[in-house]
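The values are calculated or read from the model by the stated rules, or taken from the named source; none is laboratory data. Owing to the predicted nature of the structure, the values given are computational and were not obtained by experimental measurement. Methodologically, a virtual Cβ is constructed for each residue, glycine included, from the backbone with ideal geometry; neighbour enumeration extends over all protein chains shown.
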Amino acid sequence: MLNLLLLLDIVPGPANAAAPVPETPQGPWMGFAYFGFCAVLAVVGAIATVASPNPIRGAMGLLLMIISIAGLFLALHAQFIAAIQVIVYAGAIVVLFLFVIMLLGSDAQTPSDQRGRIPRFGAAALFAGLGLAALTLLGRTMAKPKLPGDIGSDFGSIDAIGKVLFTDMLVPFEISSALLIVAVVGAIAVARGKHGELAEKGAVK
Amino acid sequence: MIPVEYYVGLSAILFLIGGIGFLVRRNVLVALMSIEVMLNATNLALVAFNRQHAQAHTGQVLSFFVIAVAAAEAAVGLAIVLAFFRLKRTVRSDEADLLRN
């Protein structure tokens, strides 16, 4: 397994732990194959998320996309972010979506009809046009691709990111904890209904 | 090694798919999932640019905060979906018309 990660230029080798990460000995093909695999899976997952009529299939597509993007994070030397992606997105957010879909049962799937078709698809076509224009601009810079530079051995590790989080980014970090508390309290207050709708039925005391 | 432009192009494609899904679909659950797709696309762009300018970890830390905000957004959004479903017995977004006219 470590040999595979070394081939994919994911972890620096033990012999040159302090030196910059060298080019892989097999040339760039392994890296391109890995990128293409993850990219195709991510696009397939995203299309399944937005296009499937059944929301459970949509959640499964979201899961596929999240795992593939975590794989791309590994190839970008962002090991900590990849772990957080799997734990928080795949482990918490997708499960939360699945809970709500299961709670709603068959009502979670809405039948499609043609009402309001023109404004919806018009807005989507406008958005797609803007996105294709941005991709065209990106394609013009693609003629001279910039290869990423050398990095130290601790780039993207928990050690390095923890240092940044608890020194330079300490205030945003603490504020994000306050944000999460407010979100939890707000979610309970909204889902509980006004004036304790459930309390009147004796469900909660 | 793979140029950063490839990652940015993939991120743009994913953002496009998520945005089109958010605009076209009227199931509120699918709209929320489309927002998650868009947030993931921005995270990919942030981490890719951080790989190119590797002197600091600013992009990775910012994507960490984006993930935290996405978790809060999913919790509150799904609570709103539950409250809306209790009121209207549906999750179609165009049935939310209490403030209309």
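Quick notes on this structure:
- Filtered by the rule that a residue be touching a Phe, Trp or Tyr at 6+ places or on another chain (Cβ under 9 Å), of a type in the set (Val, Ile, Thr) and under 20 Å from residue A:64 (Cα atoms), segment B:1-46 gives B:8, B:20, B:30, B:35, B:37, B:42.
- Criterion: of a type outside the set (S, T, N, Q), within 9 Å of chain B (Cβ to nearest Cβ) and not in a helix (DSSP H, G or I) - qualifying residue of A:151, A:81: A:151
- Selection within segment B:54-82 - assigned to a loop (DSSP other than H, G, I, E, B) and either at the interface with chain A (Cβ under 7 Å from one of its Cβ atoms) or buried (at least 18 other Cβ atoms within 10 Å of the Cβ) (or both): B:54, B:57
- Whether a residue is assigned to a helix (DSSP H, G or I), more than 7 Å from chain A (Cβ to nearest Cβ), surrounded by 20 or more Cβ atoms within 10 Å (Cβ to Cβ) and not small (Gly, Ala, Ser) was assessed, and residue B:23 does not pass this test.
- Hits in segment B:28-53 - residues which are of a type in the set (S, T, N, Q), modelled with pLDDT under 95 and either at positive phi or buried (at least 23 other Cβ atoms within 10 Å of the Cβ) (or both): B:50
- Selection within segment A:45-67 - more than 10 Å from chain B (Cβ to nearest Cβ) and under 14 Å from the mean Cα position of the chain (by Cα): A:60, A:63, A:64, A:67
Yes or no, residue by residue, for (1) surrounded by 21 or more Cβ atoms within 10 Å (Cβ to Cβ); (2) in contact (Cβ under 8 Å) with a residue 40 or more places away in the chain:
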residue	(1), (2)
A:52	no, no
A:73	yes, no
A:78	yes, yes
A:89	yes, no
A:92	no, no
A:113	no, no
A:117	no, no
A:143	no, no
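- Being within 7 Å of chain A (Cβ to nearest Cβ) and over 24 Å from residue A:155 (Cα atoms) is a property that does not hold for residue B:48.
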